[in-house]
Every structure is written in C-alpha cells, then in structure tokens.
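Presented below is the structure to which this report refers.
Read-outs: derived from the displayed coordinates by stated rules, not from any lab. Source: prediction; values computed, not measured. All Cβ positions, glycine included, derive from the backbone under ideal geometry; neighbour counts span all protein chains shown.
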Amino acid sequence: MEDRKITEMFLERSEEAVAALAEKHGGFCKKIAFNILKNSEDAEECVNDAFLMVWNSVPPNRPEHIGIYAGKIARNLALNRLKYKTAEKRGGKQEDIAFSELEECIAATGGVERQIDEKLFLSAVNDFLLSQPKEKRNIFIRRYWYLCSVSELSESYGISESKVKSLLFRMRNQLRKKLEEEDFI
C-alpha cells in the first residue's frame, strides 16, 4: 500500500491505518529504535508509542511520507527512553560516540536563535548530503541518523572499518567547512 493511501486512512480515522502503517513501516521503525536502545522489547514499545503518536497527530498533520514521519517519532522516543534509562552518562555507547563525532561540526546555539536558523541549517546539511555520492551519503546517514556502528557499516558495505572511519572523518570535515562557509559555526 502506498504512503499516500495510509495517510488518507489516518485522515479518515480508519482503524486499519495503524495496521497498514505497521505492516509497511514497522520493521523500519523498529530497526531505528533497536539501533538506539539495543533492546527488542524497548524498541517494540517505542514503535507502538510512535504509532499511537501518529494516530493522535494525523490529522491535523498531513505527512507526505508517513513512514519517515513514524520513523522520526520512533527515533525521538527511543532517544528519550535511552536518556531516561542512562541518566548518568556511562560512555562507550554507540549514540554517545556518534554524537561526539558530530559535535565538532555542529555548534550549539541559543534556543530562539536555533529555531530561527533551523530551516537554513537543515537545508545546508541536506545540500551537503545530496552533493555526496550515494554510498557515502548512505554511510553517513546510517551512522548519524540510524546510529549504526562502524563495524556494522563495514560489514554492510564490504569495506574495512578503517575505511569507514576515514570516510566519515572526511565527510565531517567537509560538512564542517560547508557550515563554516554559511556562518552556522
């Protein structure tokens, strides 16, 4: 079933909408949550909560890609759950490592200023990613959005871990340079 049809089912408040969303995008959402939480039960709960949030937010929202919309909600819920479960930073976790790698590229700014510049910032990051070859872009996204480990990426793409680390290092530097040129950092 197409995403448009699933979104229409949500807008019509059809009870089959959640089942259709789960069938088409449930695995995608669970993979995102599992990469963050490393626990199947917690990941499943986040996905169920995400589907409930989709049900409660559509309408009034009308997402073009309901799977991505649900995935983003599942990711945010998983990150919140992880933050709650690890109130004290213990280090060595994939998300800590991935986020620390990106810290040098993305400077923290104030709340209001950040909200004003958010669309321009996201546009700059998207432009950067779209300018990259597909494989490099996918490795970058899988590392920093889906929080895949370097070893998982190495295995998936059939390249050495050192090559993955090098590729990510270069891309972070390129992203940082682009963001500096556009006065984001």
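How large is ³J(HN,Hα) for each residue in segment 155-172, as worked out from phi by the Karplus curve 6.51 cos²θ - 1.76 cosθ + 1.60 (θ = phi - 60°), to whole Hz, x for Gly and Pro?
Using θ = phi - 60°, the values come out as 5, 4, 9, x, 10, 5, 4, 5, 5, 4, 4, 5, 4, 5, 4, 5, 5, 4 Hz.
Quote the Stokes-Einstein diffusion coefficient, in whole µm² s⁻¹, for segment 131-185, based on the Kirkwood radius over alpha carbon pairs, a temperature of 20 °C and a viscosity of 1.002 mPa s.
184
Over the Cα atoms, compute the radius of gyration (one decimal) and Dmax (the largest Cα-Cα distance, rounded to a whole number) for segment 1-54, in Å.
Taking only Cα atoms of segment 1-54, I get Rg and Dmax of 11.7, 35 Å.
Compute the length gained on full extension between K31 and L120: take 0.36 nm times their separation in residues and subtract their Cα-Cα distance, giving the result in nm to one decimal.
Working it through step by step, the gained length comes to 29.1 nm.
Would you mind pulling out the separation of the Cα centroids of segment 12-74 and segment 152-185, in Å?
The distance from the Cα centre of segment 12-74 to that of segment 152-185 comes to 29 Å.
Give, in nm to one decimal, the length gained when the segment between E155 and L130 is fully stretched (0.36 nm per residue of separation minus the Cα-Cα distance).
Working it through step by step, the gained length comes to 6.6 nm.
Once label points are set 7 Å from the Cα along Cα→Cβ at both N138 and K72, what is their separation, rounded to one decimal in nm?
2.3
Using modelled backbone amide H atoms (1.01 Å from N, in-plane), which distant-in-sequence or interchain residues come within less than 5 Å of L147's amide H?
For L147, no residues qualify.
Starting at the first residue of segment 146-154, write each ³J(HN,Hα) from the Karplus equation 6.51 cos²θ - 1.76 cosθ + 1.60 with θ = phi - 60°, in whole Hz, x for Gly and Pro.
With the stated coefficients, segment 146-154 comes to 8, 6, 6, 6, 4, 5, 5, 5, 4 Hz.
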